[in-house]
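K.L.:
Here it is: the structure, laid out below.
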Amino acid sequence: MGNAIYKRIAKCRICGNKNLVKYLNLGKTPLANRLLGPQDTDKQEEKFPLEVMYCKNCSLSQLSILVSPRVLFSYYPYRSSISSAFRKHCAEMSNKISGTLKTKPNGLIVDIASNDGCLLQEFKKNNFRTLGIEPAKNLAKIAEENGIDTVNSFWNGETAEKIIPIHGKAQVIIATNVLAHVDNLNKFMAAVGILLRDDGLFIVEVPYLYDLISKNEFDTIYHEHLSYFLVKPLQKLYNDHGFTIVNIEKYPIHGGTIRVYASKKSPGRENPGKSVSNFLNFEQNEGMYSLKTYNKLDDRVKKIKKDLLKALKNLKGKGKKIAAYGASAKGSTLLNYCGIDNGLISFIVDDTPEKQNHLAPGSKIKIVDASYMEKNKPDYLLLLAWNFAKEIMEKTSKIYGKPVRYIIPVPKVKIQ
Ligand code: TYD
């Protein structure tokens with residue numbers, strides 16, 4: 001894309017079809033993880049169109065633009081390990097996969113976009129050799145400090161080729177919450193084909209588009225999430241690269257996630273597992289292959305905006321102090337789309353050291369640590385990381401010492 005900071009998408013990222021139809025427009029927003037310094041209160045931030053399109057051929061949902069990955073991912077403040085629910089999810093994943101791979105305890109497990117090494121720590125505990133691939137310098141450094149061998153690179157064929165003479169081929173390659181971030185999925189898959197052993201397993205976790213649509217999780221849409229997956233387009237992608245899906249499982253993490261296990265096709269291993277047809281039938285029955293289903297989302301999203309603004313203004317009018325919890329990327333979409341700023345929300349609490357003492361993109365609300373909240377007790381907390389509602393409620397009700405109420409924005413605005 002040369003030096004341009006973003007480009008428009010003209011054809012489907014998976015099937016190449018040009019019949020892409022826009023179904024959601026969230027306006028122009030700044031980059032969701034581009035936090036501002038404490039001094040930047042008057043800074044004019046660059047804003048980018050945030051729109052989603054549906055491919056009429058393979059049913060992949062995708063953003064209408066691509067912001068340069070170098071701009072998006074070279075520094076990344078998101079840390080997987082902050083949430084205990086996610087750490088638990090990683091431990092369970094490792095135990096489950098390790099259980100099925102008992103015969104090869106010395107196998108190499110590679111995690112693409114390994115973040116701070118959260119998942120690989122768990123595999124290490126299960127005596128596997130582990131290797132992380134992480135493009136963000138700050139995160140690769142944290143992982144290394146925690147004893148997780150990490151290659152600080154983007155994932156591509158060149159990276160895969162460099163690894164083989166040093167570590168050998170991988171028994172398992174894992175990519176959790178990364179496929180949505182990838183523009184060139186064909187190159188991504190080709191690189192997996194290079195590094196994975198012929199009898200290896202490729203395991204992907206992606207947020208499931210069915211949950212996004214059915215639970216109005218529109219705030220999970222932001223510029224880093226280029227694609228929104230169903231099984232149908234994934235199957236096409238895998239087929240094109242000689243992979244077959246052997247199993248699919250559903251998990252509640254991040255508002256609804258599918259875990260897709262795939263292997264290289266070989267004689268006797270060409271047919272997809274039974275769960276694949278179950279998912280495809282489900283998607284068909286739920287109207288996920290019909291543009292009509294998607295066109296209805298817009299009204300529901302507008303209603304969330306209207307209800308949320310009304311609730312916040314009403315509480316503010318009654319003299320209530322409102323703060324938010326979780327300076328998440330999805331929080332950024334929510335605040336910017338709804339036009340909520342520091343006139344309505346006093347501060348955002350986040351436990352990530354890299355985020356504290358910064359300002360949230362667009363809204364310019366200050367991000368603070370939990371001790372600040374203890375000193376400046378709000379009456380209401382807007383949950384910007386509603387996917388971790390239980391964990392955050394437990395945490396805040398304990399440290400609080402006075403009753404606090406929670407505002408949950410999706411699937412519809414609820415105060416509890
Ligand atoms: P998350 O919802 O995981 O992702 P995204 O940025 O993709 O929308 O972000 C959760 C944010 O909430 C993250 O900044 C960490 C923060 N957080 C805490 O500060 N404390 C907690 O106990 C939890 C669960 C999350």
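K.L.:
Let me know the longest stretch in the chain that avoids all chymotrypsin sites (Phe, Trp or Tyr not before Pro) found in a DSSP loop with at most 16 other C-beta atoms within 10 Å.
P.N.:
In the chain, the maximal stretch lacking such sites is 76-288.
K.L.:
Mean residue ellipticity at 222 nm from the helices of the chain, using -39,500 (n - 2.57) per DSSP H segment of n ≥ 4 over the full residue count, to the nearest 500 deg cm²/dmol?
P.N.:
One gets -10000 deg cm²/dmol as the mean residue ellipticity at 222 nm.
K.L.:
If you average the C-alpha positions of segment 211-274 and of segment 151-174 separately, how far apart do those two centres end up, in angstrom?
P.N.:
Using only Cα atoms, the two centres lie 22 Å from each other.
K.L.:
With only alpha-carbon atoms counted, please give the Rg and Dmax of segment 108-187, in Å.
P.N.:
Answer for segment 108-187, Rg first and Dmax second: 11.8, 34 Å.
K.L.:
Once phi is turned into θ = phi - 60°, what whole-Hz ³J(HN,Hα) does the Karplus curve with 6.51, -1.76 and 1.60 give for every residue of segment 154-166, x standing for Gly and Pro?
P.N.:
6, 7, 7, x, 5, 4, 4, 4, 5, 6, 4, x, 8
K.L.:
Still on this structure, please answer the following. What whole-number value in Å² describes the accessible area per residue of the chain for a 1.4 Å probe?
P.N.:
Counting only protein heavy atoms, the per-residue value for the chain is 42 Å².
K.L.:
Starting from the amide H of S153, placed 1.01 Å from N in the peptide plane, find each other amide H under 5 Å away whose residue is 5 or more places distant or on another chain.
P.N.:
Counting only residues 5 or more places away or on other chains, the set is E134.
K.L.:
Along each principal axis of its Cα atoms, how long is the chain end to end? Whole angstroms, biggest number first, please.
P.N.:
The principal-axis extents, from largest down, are 69, 48, 42 Å.
K.L.:
Within the set K11/K355; K232/K305; K318/K402; K250/K303; K355/K377, which residue pairs have Cα atoms separated by over 25 Å?
P.N.:
K11/K355; K232/K305; K250/K303, as the Cα separations exceed 25 Å there.
K.L.:
So what's the angle, to the nearest 10 degrees on a 0 to 90 scale, between helix 231-240 and the longest Cα principal axis of the chain?
P.N.:
Helix 231-240 sits roughly 40 degrees off the main axis of the chain.
K.L.:
What residues have an amide H closer than 5 Å to that of F48, excluding those fewer than 5 places away on the same chain, when H is modeled at 1.01 Å from N in the peptide plane?
P.N.:
T29
K.L.:
Among rounded, prolate and oblate, which fits segment 333-415 when a ≥ b ≥ c are the square roots of the eigenvalues of its C-alpha gyration tensor, a/c under 1.5 means rounded, and a/b larger than b/c means prolate?
P.N.:
oblate
K.L.:
Only bridges whose two residues both fall in the chain count here: according to DSSP, what percent of them are antiparallel, nearest 5?
P.N.:
55
K.L.:
Leaving out same-chain residues fewer than 8 places away, which lysines sit with a Cα under 25 Å from that of K162?
P.N.:
Excluding near neighbours in sequence, the set is K104, K124, K137, K141, K187, K264, K265.
K.L.:
Using +1 on the beta carbon of Lys and Arg, -1 on that of Asp and Glu, and nothing else charged, what's the dipole of the chain about the Cα centre, debye to 20?
P.N.:
1200
K.L.:
Taking only Cα atoms, what is the 0 to 90° angle, nearest 10, from helix 84-100's long axis to the longest principal axis of the chain?
P.N.:
Between the helix axis and the principal axis of the chain, the angle is about 10 degrees.
K.L.:
Rank T176, L237, L60 by how far each Cα sits towards the positive end of the charge dipole of the chain (+1 on Lys, Arg Cβ; -1 on Asp, Glu Cβ) and give me just the farthest.
P.N.:
The listed residue farthest towards the positive side: L60.
K.L.:
Where the centroid of each part is defined by its Cα atoms, how far is segment 330-380 from segment 84-147 in Å?
P.N.:
31
K.L.:
Would you mind working out the magnitude of the charge dipole of segment 80-294 relative to its Cα centre, with +1 at each Lys and Arg C-beta and -1 at each Asp and Glu C-beta, to the nearest 20 Debye? Before the final figure, lay out the partial values.
P.N.:
Numbers: 24 positive and 23 negative charges, 130 e Å.
My answer is approximately 620 debye.
K.L.:
With a sphere of radius 12 Å drawn around the Cβ of I142, what net charge do the other residues whose Cβ falls strictly inside it have (Lys, Arg +1; Asp, Glu -1)?
P.N.:
Computed value for this residue: -2.
K.L.:
Here's another thing I want to ask about it. Note down the accessible area of R269, probe 1.4 Å, to the nearest 10 Å².
P.N.:
Accessible area, nearest 10 Å²: 90 Å².
K.L.:
Okay, next question. Please figure out what share of the DSSP beta bridges in segment 80-294 is antiparallel and state it in percent, rounded to the nearest 5.
P.N.:
Roughly 45 percent of the DSSP beta bridges within segment 80-294 come out antiparallel.
K.L.:
Quote the Stokes-Einstein diffusion coefficient, in whole µm² s⁻¹, for segment 80-294, based on the Kirkwood radius over alpha carbon pairs, a temperature of 20 °C and a viscosity of 1.002 mPa s.
P.N.:
121
K.L.:
Taking every DSSP beta bridge with both residues inside segment 297-415, roughly what % is antiparallel (nearest 5)?
P.N.:
On the way: 3 of 14 bridges.
Expressed as a percentage, antiparallel bridges in segment 297-415 total about 20.
K.L.:
Among S263, A136, Y228, whose Cα sits farthest toward the positive end of the charge dipole of segment 80-294 (+1 at Cβ of Lys/Arg, -1 at Cβ of Asp/Glu, about the Cα centre)?
P.N.:
In segment 80-294, that residue is S263.
K.L.:
Would you pull out the residues with amide H under 5 Å of I348's amide H, same chain only if 5 or more places away, H placed 1.01 Å from N?
P.N.:
Sorted by chain and number, the residues that satisfy this are A324, K366, I367, V368.
K.L.:
Mind listing the phi-derived Karplus ³J(HN,Hα) values for segment 286-293, rounded to whole Hz, using 6.51, -1.76 and 1.60 with θ = phi - 60°, and x for any glycine or proline?
P.N.:
Once rounded to whole Hz, the list reads 7, x, 6, 9, 10, 4, 3, 4.
K.L.:
Could you pull out the trypsin sites (Lys or Arg not before Pro) across segment 72-154 that fall in loop regions by DSSP (anything but H, G, I, E, B) with no more than 16 other Cβ atoms inside 10 Å?
P.N.:
Sites meeting the loop and neighbour criteria: K102.
The values are calculated or read from the model by the stated rules, or taken from the named source; none is laboratory data. Everything numeric here is computed off the predicted structure, so don't read it as measured data. Using ideal geometry, Cβ is built from the backbone for each residue, glycine included, and neighbour counts are taken over all protein chains shown. Surface areas here come from the heavy atoms of the whole protein model, side chains and all, with no ligands, DNA or RNA. Shrake-Rupley method; radii C 1.70, N 1.55, O 1.52, S 1.80 Å.
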